[in-house]
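Student: My structure is below; once you've seen it, I'll send some questions.
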């Protein structure tokens, strides 16, 4: 072997063979590297495969995915959907006599984490005083709606508004129609003008609606109502989405218009893959858009359900955690556990967000369209709301202070206060947005008082009712509230206050405002299927059962904690 | 003079009241007045060193998204672009709060706290409005157990001295007939008055007081301030500096000062001292006792060489009047002595007793003033009101039938010292008028209403202890 090897090595033939062998190896190696590189660098082009409906690569064709029905509890469980109640003037006299709203289960959580409250809601026809309050509250919107745009002023005749307050106007409009204060032509005229204006609003950097708009011109403005842009608020958008869904479900003939409004918006940055909501603001130094998590316990879950009603999956935003409790008058009041010193966002505990959840959504999950009115599928929200109510009643019983706390506007500086049950480590803390402690501005908020009255049929809310029901100015609407320290009325009139009061009165007549969707497919889910717009803007597909927000529960306080 | 002064004060108070009402009753609440043109301050310009502009998250459709917060003169503050501000000694701005509100689109601002309002006049002077205060009320700056009375003219536009006095802290107490009708904390007074001036001056630092921690002046003059322990900590700590301390500190912080500035500061300080002395004399009451004004050469503190001309002139006037008074006393004394001698001639049986009583009364007077700290008038009033048995030694007690006469004699002897002639009283009145001291009510009822108590005089301020007591001791020693 060695001999043979040695002789070949020395022969010319062996040299030629070796040469060709080396050339072959090098050529092969070069070819292999080239092919591999081609495969690596040009892989994307080669792997572009057109989506063909029915192919193996596409179980559910994107073009058809929007045609899937949104899966709700009525579809899954085969239960009958709730029905939209008739208008007040169309209700038979025995409507409430035949309607059984009494629970058939004991109070507390059930095995599906639904919750039965120990309190009852008020249901029935409106009496004369309530009807007068409704008329006066609606008069606010008659007075302060701009004819040019259909937008209603947030505060009196100051011509600016937010999506939050626009939702309050929409709430007032629904209530006015359902309580027969206006008829359909007026209702249609107003809502059509409003939706048309909202669709034409210039967005914040072509993403989402700006935080504030001028109600006369519809121009996006800054906080001083001058042309400019601030950013967008996920909470405001969430509340607006709740009311867009209420309109769409109640009045299907408006569905196309409503969908076309939302299909202008770009949701790519407002909610992330984990389900957290983000607001946006403009960095003062660089002018760039900054996205920051928005929402704290109470408001965050309410707004999250607004997004979920349109197919988004705000899983983390809907969770109560992280939360802590503060023992106040024997009640463990839940508050957001994110440290304000770290996150630079206060954890205000007020009544309003719980009220809105109860009045508008019935403390139910977005996919629930079949559970009875007394069973709240978003159980912990109802249980937390009971605590929020109880601590305020306890304060009244133990100190004599009539208490119905919420955020509210005030006359003059500081213009706005968070009149909280708990915030910044203090119970009954009344603070301005910049953090000043302003106890002189603590008040019985009219919207909170009427909301509590509607959702908690108790002796205490009877007292609240007496304090508030005649607190109105026939020319301007319901007053914002009644100062706690005896300075009289909070002499200011707002869309939010009057809208929530109308919602409370409507809830007495019709129960939870959100009604089930009765259509099949929605433009919201089928539009832009032939483009990449849905992907870019993160428009959701119709929610399926695996997309449902989970029903959760938290520990229940069984005895007073002092 | 007193009546006209009070009438003037009353009219001034009414005018001030109406003016302040007009200032603070503007309808800032109607939010239609809320607009960007209402911004009168740039919150990016710090009011004091360490202040910072901050953003706030707004829920509503309007509001100021930015504000400024900081700490100065021992109080935390936050203010908005429209001038709305709050000053309080705690970072939560929750107690003892000065709230400043400005008329929209103007630089006209007013600060208020419970029972108390202040604003700038057109001449740039701070003017106060105290609720529930009427003519004849007395005002006192109280700090702990120490207190000093301030003139009624604090309800008029404040001069520099009074403003600095009120800015030194403590509490302002208003009293009527010895009863306190209101008490207002003065914490933040200095900062708020500076803030009001700063607004009017369009955020010009030149109007801020000397020693104010002006930012961007980080030279040798201000670096020492930032090196204090409080400012070196992660969180700013209160720096409770009284204006007088600030003025002293300013001389240390800013060694490069003009001679004129130095003399001005020292002049101001001398004026403050004089003001304190005048208030001290006023505190001593409407006592027309000439000995309460010690002779210029002996007891009057020598004016500083660089005292302002006005104060020096005032002191010279006082000294001249006192010299005239002494001359008059010497002229009147023989007459009075002969008069007093004439009394024993009328009472031959007790000719030696009045002299002994006079000595005893002087001893008791000295005891009351030295040991108990009473002023002359109060001590005499105590002697007059006390039973005769108590003020006389048993061995020199006269017969019961003679007591009344002898008491009158003793009082006459005392009055011989205190009120020698009408001329003296007249001169004393003129002297008081010249130094513009508020007069005590002369009617019997008013005098009774404001008559001082022993407890009041036991609460001596450090000024009283340092200035008035030596004078009284000297006087007592002379007796």
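The values are calculated or read from the model by the stated rules, or taken from the named source; none is laboratory data. What you see is a predicted model, and the numbers here were worked out from it, not measured in a lab. Methodologically, a virtual Cβ is constructed for each residue, glycine included, from the backbone with ideal geometry; neighbour enumeration extends over all protein chains shown.
Student: Somewhere in the range B:39-52, is a residue modelled with pLDDT of 85 or more, facing chain A (nearest Cβ under 9 Å) and part of a strand (DSSP E or B)?
Tutor: no
Student: Does the range A:428-447 contain any residue that is more than 10 Å from chain B (Cβ to nearest Cβ), buried (at least 24 other Cβ atoms within 10 Å of the Cβ), touching a strand residue (DSSP E or B) at 6+ places or on another chain (Cβ under 9 Å) and in contact (Cβ under 8 Å) with a residue 60 or more places away in the chain?
Tutor: Looking through the range A:428-447, at least one residue is more than 10 Å from chain B (Cβ to nearest Cβ), buried (at least 24 other Cβ atoms within 10 Å of the Cβ), touching a strand residue (DSSP E or B) at 6+ places or on another chain (Cβ under 9 Å) and in contact (Cβ under 8 Å) with a residue 60 or more places away in the chain.
Student: Quick one: residue A:466 ticks every box in (1) in contact with a helix residue (DSSP H, G or I) (Cβ under 9 Å, 6 or more places away or on another chain); (2) free of Cβ contacts under 8 Å to residues at least 60 places away in the same chain; (3) away from every other protein chain (no Cβ under 14 Å) bar one, so which box is it?
Tutor: (1)
Student: Also: Could you say which residue among A:94, A:110 is more than 26 Å from the chain's Cα centre (by Cα), surrounded by fewer than 17 Cβ atoms within 10 Å (Cβ to Cβ) and assigned by TED's automatic domain parsing to the domain that holds residue A:368?
Tutor: Being more than 26 Å from the chain's Cα centre (by Cα), surrounded by fewer than 17 Cβ atoms within 10 Å (Cβ to Cβ) and assigned by TED's automatic domain parsing to the domain that holds residue A:368 holds for just one of A:94, A:110, which is A:94.
Student: Being within 24 Å of the chain's Cα centre (by Cα) and closer than 22 Å to residue A:242 by Cβ, is that true of even one residue in the range A:118-132? Steps first, please.
Tutor: To start, the set of residues in the range A:118-132 that are within 24 Å of the chain's Cα centre (by Cα) comprises A:121.
Still in the list and also closer than 22 Å to residue A:242 by Cβ: A:121.
Within the range A:118-132 (the criterion being within 24 Å of the chain's Cα centre (by Cα) and closer than 22 Å to residue A:242 by Cβ), the answer is yes, since at least one residue qualifies.
Student: Under the condition of being without any contact (Cβ under 8 Å) to a residue 60 or more places away in the chain and over 19 Å from residue A:415 (Cα atoms), which residue from the range A:146-169 is farthest from the other protein chains (Cβ to nearest Cβ)?
Tutor: Filtering the range A:146-169 for residues without any contact (Cβ under 8 Å) to a residue 60 or more places away in the chain gives A:147, A:150, A:157.
Filter once more, so that each one left must be over 19 Å from residue A:415 (Cα atoms): A:147, A:150.
Working: A:147: 18, A:150: 16 Å.
Out of the qualifying residues, it is A:147.
Student: Another question about this same structure. Taking the range B:158-193, which residues are within 21 Å of residue B:122 (Cβ to Cβ) and out of contact with any helix residue (DSSP H, G or I) (no Cβ under 8 Å at 6 or more places or on another chain)?
Tutor: Listed by number, the residues that qualify are B:159, B:192.
Student: For the range A:220-237, enumerate the residues that are free of Cβ contacts under 8 Å to residues at least 60 places away in the same chain and over 17 Å from the mean Cα position of the chain (by Cα).
Tutor: Narrowing the range A:220-237 to residues free of Cβ contacts under 8 Å to residues at least 60 places away in the same chain: A:220, A:222-224, A:226-232.
A:220, A:222, A:223, A:224, A:226, A:227, A:228, A:229, A:230, A:231 - these are the residues of the range A:220-237 that are free of Cβ contacts under 8 Å to residues at least 60 places away in the same chain and over 17 Å from the mean Cα position of the chain (by Cα).
Student: Which of the residues that make up the range B:58-82 are facing chain A (nearest Cβ under 8 Å), in contact with a strand residue (DSSP E or B) (Cβ under 9 Å, 6 or more places away or on another chain) and in a loop (DSSP other than H, G, I, E, B)?
Tutor: B:58, B:59, B:60, B:61, B:62, B:63, B:65, B:80, B:82
Student: Do we have any residue at all in the range A:211-220 that's farther than 19 Å from residue A:169 by Cα, within 12 Å of another protein chain (Cβ to nearest Cβ) and surrounded by fewer than 23 Cβ atoms within 10 Å (Cβ to Cβ)?
Tutor: Just the residues of the range A:211-220 that are farther than 19 Å from residue A:169 by Cα, to begin with: none.
Within the range A:211-220 (the criterion being farther than 19 Å from residue A:169 by Cα, within 12 Å of another protein chain (Cβ to nearest Cβ) and surrounded by fewer than 23 Cβ atoms within 10 Å (Cβ to Cβ)), the answer is no, since none of the residues qualifies.
Student: Right, here's the next one. Quickly run through the range B:83-96 and pick out the residues that are without any contact (Cβ under 8 Å) to a residue 60 or more places away in the chain and either part of a strand (DSSP E or B) or more than 8 Å from every other protein chain (Cβ to nearest Cβ) (or both).
Tutor: Across the range B:83-96, the qualifying residues are B:86, B:90, B:91, B:95.
Student: Something else about it: Looking only at the range A:221-235, count how many residues are assigned to a loop (DSSP other than H, G, I, E, B), more than 8 Å from chain B (Cβ to nearest Cβ) and out of contact with any helix residue (DSSP H, G or I) (no Cβ under 9 Å at 6 or more places or on another chain).
Tutor: Residues that pass the stated criteria total 2.
Student: Next question. Looking at the range A:245-356, what strands (runs of 3 or more DSSP E) fall wholly within it and have at least 3 residues that are more than 14 Å from chain B (Cβ to nearest Cβ)?
Tutor: Working: elements: A:278-282, A:289-293, A:323-328, A:331-336.
Output list reads A:323-328, A:331-336.
Student: Same structure again: Among the residues of the range A:343-359, is any within 30 Å of residue A:546 (Cβ to Cβ), surrounded by fewer than 19 Cβ atoms within 10 Å (Cβ to Cβ) and within 21 Å of the chain's Cα centre (by Cα)? Give the derivation first.
Tutor: Just the residues of the range A:343-359 that are within 30 Å of residue A:546 (Cβ to Cβ), to begin with: A:353-354, A:356-359.
Subset that is surrounded by fewer than 19 Cβ atoms within 10 Å (Cβ to Cβ): none.
The answer is no, given that none of the residues of the range A:343-359 is within 30 Å of residue A:546 (Cβ to Cβ), surrounded by fewer than 19 Cβ atoms within 10 Å (Cβ to Cβ) and within 21 Å of the chain's Cα centre (by Cα).
Student: Another question, if that's okay. Hey, could you check the range A:363-422 for residues that are in a loop (DSSP other than H, G, I, E, B), within 14 Å of chain B (Cβ to nearest Cβ) and without any contact (Cβ under 8 Å) to a residue 40 or more places away in the chain and say which is surrounded by the fewest Cβ atoms within 10 Å (Cβ to Cβ)? Please lay out each step first, then the result.
Tutor: Our first condition is that a residue be in a loop (DSSP other than H, G, I, E, B); within the range A:363-422, this holds for A:363-374, A:377-378, A:400-406, A:410-415, A:420-421.
After this cut, where a residue has to be within 14 Å of chain B (Cβ to nearest Cβ) as well, the list is A:406, A:410-415, A:420.
Among the residues that remain, those that are also without any contact (Cβ under 8 Å) to a residue 40 or more places away in the chain are: A:412-415.
Values: A:412: 18, A:413: 24, A:414: 23, A:415: 24.
Only one residue tops the list, namely A:412.
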